[in-house]
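See below for the structure under consideration.
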Amino acid sequence: MGILNITPDSFSDGGLYNSTEQAVIRAKQLIIDGADILDIGGESTRPGASQISVNDELSRVIPVINEIRNEHKEILISVDTYKSEVAKQSIVAGANIINDISGLVFDKKMASIAATLDVPVILMHLKGTPRNMQDNPTYKCLISEIKTFLITQANYAKQAGVKTKNIIIDPGIGFGKTVKDNFKILAKLKEFKDTGYPVLVGPSRKSFIGETLNLPIDKRLEGTAASIAISIINGAKIVRVHDVSEMKKVCKIVDKTLEMS
């Protein structure tokens, strides 16, 4: 899954692809580099990010989805949003997947929208909101709390009519987690795989890598590669990354190795 943020303030690539033209050019490159899914987001959810209106978010993502879908009929597109109206209009415009960082919590209409549109939905764990999630996040039992939340939200989705086969879970690396928490999630990822739902992981360029290696955002390629390899070995089915070309190579080597195990 290649990341395409159409925002001025995302933590890594904010401001790089603000125009529809820039975003479509970037999308083409991600596809060339080997992305199977493009994850398009119109609102930054980095720590401390400000919320934007539905209309502002729509004005960013819909033209880009339209253009990409017109030029690339086969590529899968996910829309990274927690707003049901943005999700609905994005799917109508040609997106295939809803990626909700709140796990269907922030907008109570999201579950029914996903069910009605009959599309896959990614349920992510988030402690708090993007505004406050890194304000001293604490857990009594990290893995069991995240796992319980994801199972609960998956059941909620199914009660709303979402098909089991359309549910993907994401433990939410970097979203209300300490550096130690993020490494523990990677180490214990098989426990999320054991739920029976496909697992998505998004460690790309995140601060736990930077803090561990004492590196700025644009120097975290090797750390990201290591975390992606560990994620796949421990059961991740989808990896969400910025550096598609490089991480595609990582995926191929790990996959080949797992075929022999």
What number goes with the only condition from (1) under 25 Å from Lys28 (Cβ atoms); (2) part of a helix (DSSP H, G or I); (3) under 16 Å from the mean Cα position of the chain (by Cα); (4) not aromatic (Phe, Trp, Tyr) that Leu186 does not pass? (1)
Criterion (surrounded by fewer than 17 Cβ atoms within 10 Å (Cβ to Cβ) and closer than 29 Å to Lys237 by Cα) met by exactly one of Asp33, Asp39, Asp56: Asp33
Checking the condition among the β-branched types (Val, Ile, Thr), within 24 Å of Lys177 (Cα to Cα), without any contact (Cβ under 8 Å) to a residue 60 or more places away in the chain and crowded, with 18+ Cβ neighbours inside 10 Å, which residue from Ile146, Ile151, Ile122 passes? Ile146
Among the residues of the range 12-31, is any acidic (Asp, Glu), assigned to a helix (DSSP H, G or I) and at pLDDT 95 or above? no
Any chance the range 117-129 includes a residue that's assigned to a helix (DSSP H, G or I), under 19 Å from Lys206 (Cβ atoms), modelled with pLDDT of 95 or more and out of contact with any Ser or Thr (no Cβ under 9 Å at 6 or more places or on another chain)? no
Unmet criterion (only one of (1) more than 17 Å from the chain's Cα centre (by Cα); (2) assigned to a strand (DSSP E or B)) for Ile168: (1)
Within the range 178-214, how many residues are under 17 Å from Ile228 (Cβ atoms) and either surrounded by 19 or more Cβ atoms within 10 Å (Cβ to Cβ) or touching a Phe, Trp or Tyr at 6+ places or on another chain (Cβ under 9 Å) (or both)? 18
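Suppose the filter is under 20 Å from His242 (Cβ atoms), modelled with pLDDT of 95 or more, touching a Leu at 6+ places or on another chain (Cβ under 6 Å) and surrounded by 16 or more Cβ atoms within 10 Å (Cβ to Cβ); does Gly172 pass it?
For Gly172, the condition - under 20 Å from His242 (Cβ atoms), modelled with pLDDT of 95 or more, touching a Leu at 6+ places or on another chain (Cβ under 6 Å) and surrounded by 16 or more Cβ atoms within 10 Å (Cβ to Cβ) - is met.
Which one is nearest to Lys177 (Cα to Cα), of the residues in the range 86-110 that are surrounded by 24 or more Cβ atoms within 10 Å (Cβ to Cβ) and either at pLDDT below 95 or aliphatic (A, V, I, L, M) (or both)?
Ranking the candidates gives Ile101 first.
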Going through Gly176, Gly161 one at a time, which residue ends up being part of a loop (DSSP other than H, G, I, E, B) and touching a helix residue (DSSP H, G or I) at 6+ places or on another chain (Cβ under 9 Å)? Gly161
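The values are calculated or read from the model by the stated rules, or taken from the named source; none is laboratory data. No experiment lies behind these values; they were computed from the predicted model shown. Methodologically, a virtual Cβ is constructed for each residue, glycine included, from the backbone with ideal geometry; neighbour enumeration extends over all protein chains shown.
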